Amino acid sequence: MRADAERSRRRILDAARDVFLERGLDAPLDLIVRRAGVGPATLYRRYADREALVRDLTGDLLSRLETAAHQAAREEGDAYDAVRRFVHAAADLRMGAVIPVLLEGLVVDQELIERRTRTSRALDHLIRAARESGRLRPEVGAGDLILLSIRLSRPLLGGLSRLDADGTLLHRHLDLALDGLTTQAAPAPTPAPGEPLTFADLITAADRPNTTDWARQHGPEHECLPHQTAPFVAVHRDSAGSGRQKAAPGHHPRSGGTS
């Protein structure tokens with residue numbers, strides 16, 4: 001990709017991330033164009049529809065997360081410090097806040113599955129090294145870190161948003177939370193209840209909607225995957241343009257696992 005084309009793509013994706021976070025996935029695409037400072041033709045030439053933009057944005061964020069994980073592992077001398085650096089880098093990307101928004105309209109293709117797998121492996125490597133160093137509590141999993149980041153990264157509402165206009169407060173709260181994940185916390189930490197959450201646990205949960213809530217709304221006969229785009233289930237379109245759900249390669253929605 002030419003350098004100028006890549007710069008335009010970066011402006012569009014950064015603007016889309018911020019606009020979707022502020023206004024939701026139904027935000028006007030023209031607002032993204034204005035925020036990015038590009039012409040409408042630049043966006044529509046690259047993305048045939050909103051779905052394509054959401055998919056590229058998600059893949060880009062996953063790739064940047066993978067890069068952040070590798071960079072932290074390479075440049076930090078201490079494995080636990082590498083985990084801390086990664087979590088703060090993810091916060092700077094606004095990952096914890098924007099990913100739940102993107103999942104509402106995400107259609108997964110094979111390329112996105114491969115990016116997700118690479119990111120998961122990079123993060124698992126960080127977690128494993130930090131555990132083996134003796135500094136990260138053994139009951140902490142990659143899924144725990146991701147959900148912790150999501151919980152802390154959600155935008156503050158109303159006037160409270162003025163307290164963290166530059167993101168400093170988010171990083172302060174992340175540091176406070178991360179201090180509780182180390183084995184060196186004083187006094188000695190009490191083991192957390194439950195089992196560590198893995199990256200795969202999050203994928204399984206995202207693939208499968210709350211069946212109880214769905215059945216309550218649509219009747220018990222629909223207590224299964226609803227006819228909608230589940231976040232991590234690929235939707236394949238036939239020649240007539242209709243969509244049919246098909247489990248993403250290597251994933252079995254009903255068993256909740258990967259092969």
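At a glance:
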| item | result |
| --- | --- |
| Checklist (1) over 21 Å from the mean Cα position of the chain (by Cα); (2) open to solvent by 20 Å² or more (accessible area, probe 1.4 Å); (3) among the aliphatic types (A, V, I, L, M) applied to Ala73, failing item | (1) |
| Residue match in the range 80-99 (condition: open to solvent by less than 70 Å² (accessible area, probe 1.4 Å) and touching a Phe, Trp or Tyr at 6+ places or on another chain (Cβ under 7 Å)) | yes |
| Residues being more than 13 Å from Leu13 (Cβ to Cβ) and assigned to a helix (DSSP H, G or I) - total across the range 55-76 | 11 |
| Identity of the residue in the range 30-54, surrounded by 20 or more Cβ atoms within 10 Å (Cβ to Cβ) and not β-branched (Val, Ile, Thr), that ends up nearest to Arg10 (Cα to Cα) | Ala36 |
| Pair list, Cβ under 8 Å, 6 or more apart: the range 28-42 residue within 13 Å of Asp18 (Cβ to Cβ), other residue of a type in the set (Asp, Glu) and open to solvent by less than 60 Å² (accessible area, probe 1.4 Å) | Arg35/Asp18; Ala36/Asp14 |
| Every residue from the range 136-173 that is over 26 Å from Arg116 (Cα atoms) and open to solvent by 50 Å² or more (accessible area, probe 1.4 Å) | Leu156, Leu157, Gly158, Leu160, Ser161, Arg162, Leu163, Ala165, Asp166, Thr168, Arg172, His173 |
| Residues being crowded, with 18+ Cβ neighbours inside 10 Å, more than 19 Å from the chain's Cα centre (by Cα) and under 13 Å from Phe199 (Cβ atoms) - total across the range 110-135 | 0 |
| Subset of the range 128-178 [assigned to a helix (DSSP H, G or I) and touching a strand residue (DSSP E or B) at 6+ places or on another chain (Cβ under 7 Å)] | Ala130 |
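The values are calculated or read from the model by the stated rules, or taken from the named source; none is laboratory data. Here the structure is a predicted model, which is why all the values come from computation and not from measurement. Don't worry about glycine lacking a Cβ; one is built from the backbone with ideal geometry, like all the others, and counts go over all protein chains shown. Just so you know, the surface numbers come from the protein's heavy atoms only, side chains and all, with ligands and any DNA or RNA stripped out. Shrake-Rupley method; radii C 1.70, N 1.55, O 1.52, S 1.80 Å.
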